[in-house]
Amino acid sequence: MAAISREILKRRGILPSPVMATIGTRSMASWFGHVEPAAKDPILGVTEAFLADPSPDKVNVGVGAYRDDNGKPVVLECVREAERRIAGNLNMEYLPMGGSIKMIEESLKLAYGEDSELIKEKRIAAVQALSGTGACRLFADFQKRFLPDTQIYIPIPTWANHHNIWRDACVPQRTFRYYHPETKGLDFASMMDDIKNAPNGSFFLLHACAHNPTGVDPSEEQWREISYQFKVKNHFPFFDMAYQGFASGDPNRDAKAIRIFLEDGHLIGCAQSYAKNMGLYGQRVGCLSILCEDELQAVAVKSQLQQLARPMYSNPPVHGALVVSIILGDPELKSLWLKEVKGMADRIIGMRKALRENLEKLGSPLSWEHITNQIGMFCYSGMTPEQVDRLTDEFHIYMTRNGRISMAGVTTGNVGYLANAIHEVTKSS
């Protein structure tokens, strides 16, 4: 019966002949036959390997997301309360291309200061973005469209996706020295040399706090020197602020670098994210802001940012924006958030102390002072790729091969095991 049906369809011209089918198959194959599989993301690859490991002793210190002291994901109570207020009470209509006006207003106060004159003067062009990644990408596209002859200076090392973002926006990249492998701290002299030697009017990507992956930040005095040199060279600072509040537990302290540049009269760009400091990883909520000369310029810049967003994603998602605006706009909930974000920061600071103390008690011949000198989610341990491989192969401990430890994955239950494993693979160094 099936053969008869196929013959009828063929006579009616509905079923393609074998020749046409072959041509169609070849034609379709030729479109994408040259596409090779993409290289695995190094961080996501770590998580995949961890999940596939059946060992009961396995530890994942590669993931860039906060965990409680039991190693479990956390939803903040302020977020739960905001969601209770949203449920059944607010609609889910499209946001404007620029996003939630309330969320943007609260974000600007968080970054630029509660009583910022710049906000009052309406000199800041700002739009809601798809977390920090989306804010960086939107700025990179803005840079390419309106300043096509410029380039971006990116610190070495940096979050790997920074390179991808500006590359895909077709903005030429240069690098500046930042981290000193021997001291495991800031290579301030080399950084200043590179700032001085860059062509006048260059764009620089700066981590506002809790530098990823090193956890190494300039001191307040060093930031002042950097700001001064930027003024001399007429450089443009673009701050990626992914960890405000999460680094020290104090959002104002974590925004100090930005405030210094503002005091010195710079125009700046800023990418904000609520992934880490509110735990809204999957909501993809952030803000891109650009400080302009005056209100008229800010209006023009914001209109162009919205035009760039339109063909990318049309308008940003609403749920995360509602959560952020409710938390930051309600004094009681904001107070709860400040308490909870400090709790997360304090736990990580405590785990830094515990890891260092455990290594020192084991009689390690190496200095581990940098573990507590660094700040934020990540510790740049100084371990080699080969040592990291041994941690994985012999102890089922997973991290990126550059030696970056996510302190969020360290708990009171595994810190001793982690320290012992690190000691075993580094004691002969």
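The values are calculated or read from the model by the stated rules, or taken from the named source; none is laboratory data. Only a predicted model underlies this, so the values are computations on that prediction, with no experimental measurement involved. Cβ atoms come from the backbone with ideal geometry, glycine included; neighbour counts cover every protein chain shown. Heads up: the accessible areas ignore ligands, DNA and RNA and are worked out on the full protein's heavy atoms, side chains in. Shrake-Rupley method; radii C 1.70, N 1.55, O 1.52, S 1.80 Å.
See the values below:
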read-out: Single residue of ILE397, ILE375 found to be more than 20 Å from the chain's Cα centre (by Cα) and crowded, with 24+ Cβ neighbours inside 10 Å; value: ILE397
read-out: Yes/no for LEU90 being part of a loop (DSSP other than H, G, I, E, B) and either of a type in the set (Lys, Arg) or modelled with pLDDT under 95 (or both); value: yes
read-out: Meets criteria (in contact (Cβ under 8 Å) with a residue 24 or more places away in the chain, aliphatic (A, V, I, L, M) and open to solvent by less than 50 Å² (accessible area, probe 1.4 Å)) for LEU110; value: yes
read-out: Per-region count, region 170-197, residues among the hydrophobic types (A, V, I, L, M, F, W, C) and surrounded by fewer than 19 Cβ atoms within 10 Å (Cβ to Cβ); value: 4
read-out: Selection status of LEU118, within 27 Å of ASP294 (Cα to Cα) and touching a residue at least 12 places away in the same chain (Cβ under 8 Å); value: yes
read-out: Single condition GLU332 does not satisfy, out of (1) open to solvent by 50 Å² or more (accessible area, probe 1.4 Å); (2) farther than 29 Å from VAL79 by Cα; (3) not polar (S, T, N, Q); value: (2)
read-out: Residue list for region 379-394, filter: out of contact with any strand residue (DSSP E or B) (no Cβ under 8 Å at 6 or more places or on another chain), over 23 Å from ALA210 (Cα atoms) and either open to solvent by less than 30 Å² (accessible area, probe 1.4 Å) or among the aliphatic types (A, V, I, L, M) (or both); value: GLN387
read-out: Search result, residues across region 111-162 that are under 13 Å from the mean Cα position of the chain (by Cα), in a helix (DSSP H, G or I) and either over 21 Å from GLY99 (Cβ atoms) or outside the structural domain of LEU206 (by the TED database) (or both); value: ALA160, ASN161, HIS162
read-out: First in region 146-165 and closer than 27 Å to GLN297 by Cβ, second anywhere and assigned to a loop (DSSP other than H, G, I, E, B) and aliphatic (A, V, I, L, M), Cβ under 8 Å, 6 or more apart; value: THR150/VAL171; GLN151/VAL171; ILE152/VAL171; TYR153/ALA198
read-out: Single residue of region 400-429 satisfying the filter (over 20 Å from ILE349 (Cβ atoms) and of a type in the set (S, T, N, Q)) that is surrounded by the fewest Cβ atoms within 10 Å (Cβ to Cβ); value: SER428
